[in-house]
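Q: Structure below; questions to follow.
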């Protein structure tokens, strides 16, 4: 069984993150990986959980926005440093576009998703936060990806996501769309998607399964 992050280790990491102690956070993360922890578990049980808890502290007025931004920066740095891309297969490599929807400023989940695709040898085109629909569509037209991933952190932006999906499918009806992020932590938002060829994934573990099962024989878009 894949080892999990214990509460004691999580608390050590979380306290270091609150203090902005990048070196201590990196040391804990590397120690867990050395012990055999899967990087996906690290994403879910350390990075994702800690940022959620940081967000709760900020929402309740217990930390400043500066402290929240420092924690986010430390996490982004760790995600980048611990990333090990796979080997792409030249011009035959599969392509994925990963983007946050317009008005969504929470990009770490999308960055983790991009890393996961890259670890499987995909060519990842990561567009980041708050991407205007017109620019996203232009990128899709240019790259012609095999999969499009959209990240949504807040359920308040669900209508923006729906408009984005509709516009994409008008131009690229056959391209699978994966959506995920904090907005999909409950079944209500999951049920409100209502589009064909759209996969709602609620964790990096589910994304890993999607990537692994993506047929080698699928046609290019």
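Since every read-out is calculated from the coordinates, none of them should be taken as a lab result. Computed from a predicted structure; not experimentally measured. Every residue, glycine as well, gets a Cβ built from its backbone with ideal geometry; the counts of neighbours run over all protein chains shown.
Q: Do you know the relative contact order of the chain, to the nearest whole percent, from alpha carbon pairs under 8 angstrom that are 6+ apart?
A: About 16 percent, as a whole number.
Q: Just want the ordering: 160, 54, from fewest to most Cβ atoms lying within 10 Å of their own Cβ.
A: Neighbour counts put them in this order, fewest first: 160, 54.
Q: Another question about this same structure. Nearest 10 degrees is fine. How inclined is helix 49-59 to the longest principal axis of the chain, computing both from alpha carbons?
A: 80 degrees
Q: To the nearest 10 degrees, how steeply does helix 22-34 sit against the main Cα axis of the chain, on a 0 to 90 scale?
A: 70 degrees
Q: Would you mind giving the three semi-axes, in whole Å and largest first, of the ellipsoid equivalent to the stretch 1-63 according to its Cα gyration tensor?
A: The three semi-axes for the stretch 1-63 are 22, 13, 8 Å.
Q: Oh, and also: Given axes a ≥ b ≥ c from the Cα gyration tensor, I'd like to know whether the stretch 90-213 is rounded (a/c under 1.5), prolate (a/b larger than b/c) or oblate. If you can, show how the numbers build up before the last one.
A: On the way: a/c = 1.45, a/b = 1.20, b/c = 1.20.
Rounded.
Q: Taking Rh as the Kirkwood radius computed over C-alpha pairs, what is the Stokes-Einstein D of the stretch 39-148 at 25 °C in a medium of viscosity 0.890 mPa s, expressed in µm² per second? Can you show the working numbers first?
A: Values: Rh = 15.2 Å.
Using the Kirkwood radius from Cα pairs, D works out to 162 µm²/s.
Q: Something else: Quick check: residue separation of residue 142 and residue 60 times 0.36 nm, minus the Cα distance between them. What number comes out in nm?
A: 25.2 nm
Q: Pairing the Cα long axis of helix 7-18 with the longest principal axis of the chain, what angle in degrees results, from 0 to 90 and rounded to the nearest 10?
A: Between helix and principal axis, roughly 90 degrees.
Q: What value in Å³ per residue do you get for the convex hull of the alpha-carbon atoms in the chain?
A: Numbers: hull volume 28.7 nm³, N = 221.
Taking the convex hull of the Cα positions in the chain, it is 130 Å³ per residue.
Q: Right, something else. Once you have all Cα-Cα distances for the stretch 110-155, histogram them in 10 Å bins from zero and send the whole-percent values.
A: Bins of 10 Å from zero give 23, 57, 20, 0 percent of pairs.
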